[in-house]
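S.K.: This is the structure I want to talk about, given as structure tokens.
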Amino acid sequence: MTALLALAPLVVALVASVLTLAVRSWPRFQRAVSVVSALVYVVSVGALAWTVVFAPDASALVYQVGGWKAPFGITLVADALAAFMLAVSAVVVLFTVVFSVPYIDPENQQVYYHPLFHFLVAGMTGAFLTGDLFNLFVWFEVMLMTSYVFVAFYGGARHTAAAVRYVVLNIVGGALMLLAIGGLYATVGTLNMADMAARLGAPGVDAAPVVGLTALLLAAFALKAGLVPFQFWVPSAYRAAPLPIAAVFAGASKKVGVYAIIRLYFTVLGDANVTTEVPLVGVDSPLAFLAPVLLVMGLVSIVVGGVGAVSRKRLDGLLAYSSIGQIGFIVVPIAIAAGTSSASLRHLGVLAGLVYALHHALAKSLLFLAAGTIRDAAGTTRLAELSGLGERSQVFSVTVLVGSLSLVGIPPLAGFFGKFLVFTTAADQFATARVAGSSIVLGVLLLGAVLTIIYATRVWVGSFWGAQSDRVELATLDGLQVAILVGLAAVVVAVGLGFEPVYQFADAAAEAAIDTEGYVTAVGPGGEP
Amino acid sequence: MTLAIALTVGALFTMGTFLLLRDDLVRVVWGVAIISQAANVYLIAMGGIEEGTFDLVPILAGHGHDAGGVETADPLVQALVLTAIVISFGMTAFALVLSYRAYEENGTMNVTEWAGGDQ
Amino acid sequence: MTTTIMRTTARVVVPIVLVLAISLFVQGHNLPGGGFIGGVLTVTAFTLVYVAYDLDYVEVGVLGRDVDDDVGMLDHRTVTTYRRMFTFGLLVVVASGLAAIVPGAQFLAQTYTYVHLPLFGEVELASAIIFDLGVYCVVVGGLLTIFSVVGNE
């Protein structure tokens, strides 16, 4: 019966999507259903996290959909890593759905906002839970399909143009992913992730063909995560989508790309070895291939995102670029973890990436929602036209300050621990291998941190200090929206102050991510169909 | 047979990529559709095409019952392709409707003359 | 497009397409076919009617109702029905998946049984057809909504 818990979040999201569609003739009821479903979703994820991580006899849950045993059917695997990512998204989802109720205008909400929102959540949940590579592709497409509609949500020349670019880019990305999956099936003979891990980890198996195929997958995942050089869609898509949806994109659905990279390379390919000489590359495992590629992508993302954010004129554009840079901060420790041979540093690297992902999800969605409140009240997000917001509403200013400070990494907020762990990883790497590369990594991380401080200060000085501008003077901040923001800011503070259980959770997740053997045993592929 | 499929996939990808890089939106959507189909053909080929089995679809060989020891093609890739076809069908339909809307909003099918994305 | 040739062709082809669609839908649980392809064929038949006659033909010509011209396409009575069908289909899909949990089976698990009917003999009843029915409704409802709205512009 506990195995049903692994299914629960997915079913809740799906049912929520259908129910909100079915009751669309009664708008108030529809909104209530949507919010209640989000609450139920959080509860189901909480119960899952408790069973998988915190309960005395905690272990990964496995659910075989349709009763078909692994590796023949579709397996849902809820291990600590999946539970951690689900928990992060659940918080973001709850606050955004509640925020959407007063923010999105009622007519648009009624049409298809809530069904699509929960469908997006279902896509994310499925991607986190699935233990099958092709099924991962399907959930990616579910997620993309809904995000297409959201990018084109408001119509208008600019938005539809952004949506067309986003759609074309992602269909090509989907085709790439399909190619990689087909190739993997032809070479490995299975698509079940645990089965694949067991087959590739067996002694004497050469994983050389897998390296190239997974590189294709890496491209598809990086496109989803918005890493340089696949970041082009991010600013225009984020600006076109409604701001609460941009909060979900930045806070949760981008993390699916990061999660997929961790799951694929660390869990599935963690034990694989390459014995033949690969021309030009010269690596001895898929992880060793991942390390330099991901490191460069992450470092360049930090610079591009940071510089881009400093030069933006609008708050939402600034936040979009900032999220490119912050994703860089998430993947750099993961790349270091992939490159090292020390088990403790690998664990630390993945842990740092996960904690940073948590912090970024909370802080960035808080800031995006705050940008939504500002746009709703003042009618613009252009920084030059916003000043004196601090004088206008002190409570609102404090919530934005909390978000910005967390982004910068001031203790005791959640962001401090994220930045601290990332820098610890980089410093450890520097201590074990004193080469020029390690110092460059530290240097770029420092530059990224400084850039973060600069653009956070720009927001603060630009829109909160000074005399009130005309637009700000006329603006009335929506009380309910501000109250929701205060709630999210309280979560950011609470995660920082009560970091112990969060750390425990992330620690278990990082352990699950690199524990290939545990994953294979939990799923137990190879049984009778 | 394998060579024929390899050539087909290659040709489809070539056409798709060429169309994708045009500045006329209709051609771009065509390119996207062709690339998805190329991926599907490739996926079918990944099931392994052996002489004497490639024309035996499992479900038809057994006609809903046990195939009775007849060698059939790999059923998994066929299931995968079926899913992928449905997804690419939906995506292409959406892309077409969206490009119609984008054409209405922007007044031109030439993507280079469209409104800029960022700033 | 409403030429005589088109209309005559439509009159002949539409029933054939519909019968084929139904047969594909019914055999879908263990032979090629199923909700998706059956639905797409049904949509093809309806689209033929729309092309040969026009959008209001189903309302006026078949059902003998009046059409209210003042409302937007999304609120057109036929389109509203399609949208309800879409929602209904989604409900059926999710409910059929969840129904398997109640007797203790896994989510989406399917089963089948044989019943003996006079004239037909042994007939296989598969629970998968309920799921297929949901898919069918989603495909028909969704695609016809799109066609009606886009075709109207």
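The values are calculated or read from the model by the stated rules, or taken from the named source; none is laboratory data. Computed from a predicted structure; not experimentally measured. As a convention, Cβ positions derive from the backbone with ideal geometry for all residues, glycine included, and neighbour counts pool all protein chains shown.
S.K.: One residue is enough: does the range A:102-124 have a residue meeting the conditions β-branched (Val, Ile, Thr) and modelled with pLDDT of 95 or more?
M.R.: Yes - at least one qualifying residue is present in the range A:102-124.
S.K.: Restricting to the range A:417-433, and then to whatever is more than 14 Å from residue A:450 (Cα to Cα) and aromatic (Phe, Trp, Tyr), can you tell me which residue is modelled with the lowest pLDDT?
M.R.: A:430
S.K.: Hey, another quick one. Do the conditions hold for residue A:119, that is, is it touching a residue at least 40 places away in the same chain (Cβ under 8 Å), hydrophobic (A, V, I, L, M, F, W, C), away from chain B (no Cβ under 11 Å) and surrounded by fewer than 23 Cβ atoms within 10 Å (Cβ to Cβ)?
M.R.: no
S.K.: When you scan the range B:18-42, how many residues do you find that are within 12 Å of chain A (Cβ to nearest Cβ), part of a helix (DSSP H, G or I) and more than 13 Å from the chain's Cα centre (by Cα)?
M.R.: The total comes to 6.
S.K.: Quick one: which helices (runs of 4 or more DSSP H) lie wholly within the range A:240-359 and hold at least 3 residues that are within 14 Å of chain B (Cβ to nearest Cβ), under 14 Å from residue A:226 (Cβ atoms) and touching a residue at least 40 places away in the same chain (Cβ under 8 Å)?
M.R.: A:286-311, A:315-339
S.K.: Still on this structure: Scan the range A:149-162 residue by residue and report those that are surrounded by fewer than 22 Cβ atoms within 10 Å (Cβ to Cβ) and either of a type outside the set (A, V, I, L, M, F, W, C) or outside any helix (DSSP H, G or I) (or both).
M.R.: A:153, A:154, A:155, A:156, A:158
S.K.: Could you run through the range A:1-32 and say how many residues are assigned to a helix (DSSP H, G or I) and under 17 Å from residue C:90 (Cα atoms)?
M.R.: Residues that pass the stated criteria total 14.
S.K.: How many residues does the range A:424-448 contain that are surrounded by 18 or more Cβ atoms within 10 Å (Cβ to Cβ) and under 23 Å from the mean Cα position of the chain (by Cα)?
M.R.: Total meeting the criteria: 6.
S.K.: Can you tell me which residues in the range B:18-32 are over 17 Å from residue A:177 (Cβ atoms) and either out of contact with any strand residue (DSSP E or B) (no Cβ under 7 Å at 6 or more places or on another chain) or among the polar types (S, T, N, Q) (or both)?
M.R.: Of everything in the range B:18-32, those that are over 17 Å from residue A:177 (Cβ atoms) and either out of contact with any strand residue (DSSP E or B) (no Cβ under 7 Å at 6 or more places or on another chain) or among the polar types (S, T, N, Q) (or both) turn out to be B:18, B:19, B:21, B:22, B:25, B:26, B:27, B:28, B:29, B:30, B:31.
S.K.: Mind listing just one residue for me: the one in the range A:1-56 that is polar (S, T, N, Q) and free of Cβ contacts under 8 Å to residues at least 40 places away in the same chain and, of those, nearest to the other protein chains (Cβ to nearest Cβ)?
M.R.: A:25
S.K.: Within 14 Å of chain A (Cβ to nearest Cβ) and either in a loop (DSSP other than H, G, I, E, B) or among the hydroxyl-bearing types (Ser, Thr, Tyr) (or both): which single residue out of C:104, C:134 fits that description?
M.R.: C:104
S.K.: Next up: Among (1) among the acidic types (Asp, Glu); (2) more than 23 Å from residue A:236 (Cα to Cα); (3) within 10 Å of chain B (Cβ to nearest Cβ), which single condition is residue A:79 missing?
M.R.: (3)
S.K.: For residue A:225, are the conditions met, namely being closer than 25 Å to residue A:276 by Cβ and either more than 10 Å from chain B (Cβ to nearest Cβ) or at pLDDT 90 or above (or both)?
M.R.: So residue A:225 fails the test.
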